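Taking it in order: structure first as structure tokens, then the write-up.
The values are calculated or read from the model by the stated rules, or taken from the named source; none is laboratory data. None of the values given here were measured: they were computed from a predicted structure. Counting neighbours? That spans all protein chains shown, and the Cβs are built from the backbone with ideal geometry, glycine included. Side chains included, ligands, DNA and RNA excluded: accessible areas come from the protein's heavy atoms. Shrake-Rupley method; radii C 1.70, N 1.55, O 1.52, S 1.80 Å.
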Amino acid sequence: MYIYNVTINIDGSVHEEWLSWIQDHIQDVLATGSFVAAKLTQVLVEEEMGGVTYSVQYTANSREDLNEYYTTYAPKLRNESMQRFADKMISFRTELKVIKEFYPPSIKN
């Protein structure tokens, strides 16, 4: 399993507009079929540059699914965000490979 993480710092002047837009954008990314789930999280660190920082974490079942997203869908979807918020946001992307997931042991009475 792979996690495609996009971290975004959005300027306060367009924060509410962006927050509404990103939720629709996430649905568009999921509609590509490349990912099985997504999480939108707020990063709880105050940035010196201001703005509000978020992380969107998309889960892909395979490297092939992730590569298909990059080659087939990413250019168009990235372009949409850049056209709308280009001078009001900074973003970077990270790929993570899930090695193993851990869960707490069940509590038995």
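Key figures for this structure:
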{"read-out": "Counted charge near Trp21, where neighbours are those whose Cβ lies closer than 13 Å (Asp, Glu -1; Lys, Arg +1)", "value": "-3"}
{"read-out": "Cα-projected label distance for Thr72 with Arg93, points at 7 Å along beta-carbon direction, nm", "value": "1.6 nm"}
{"read-out": "Residues of type aspartates and glutamates that Lys76 reaches as a straight line, Cα spacing below 12 Å, ignoring anything fewer than 8 places off in the same chain", "value": "Asp28"}
{"read-out": "The chain, accessible surface, carbon-and-sulfur percent (1.4 angstrom probe)", "value": "51 percent"}
{"read-out": "Between 0 and 90°, nearest 10: helix 74-85 axis offset from the chain longest Cα axis", "value": "40 degrees"}
{"read-out": "Helix axis angle, 15-30 relative to the chain longest principal axis, alpha carbon, degrees", "value": "50 degrees"}
{"read-out": "Net dipole in debye of the chain [+1 Lys, Arg Cβ; -1 Asp, Glu Cβ; about Cα centre; nearest 20]", "value": "480 debye"}
{"read-out": "Read-out log10 I(q)/I(0) by the Debye sum over Cα atoms at q = 0.24 Å⁻¹, derived from the coordinates shown; its label in (i) -1.55; (ii) -1.25; (iii) -1.40", "value": "(iii)"}
{"read-out": "Per residue value of the accessible surface for the chain (all protein chains in place, 1.4 Å probe), Å²", "value": "68 Å²"}
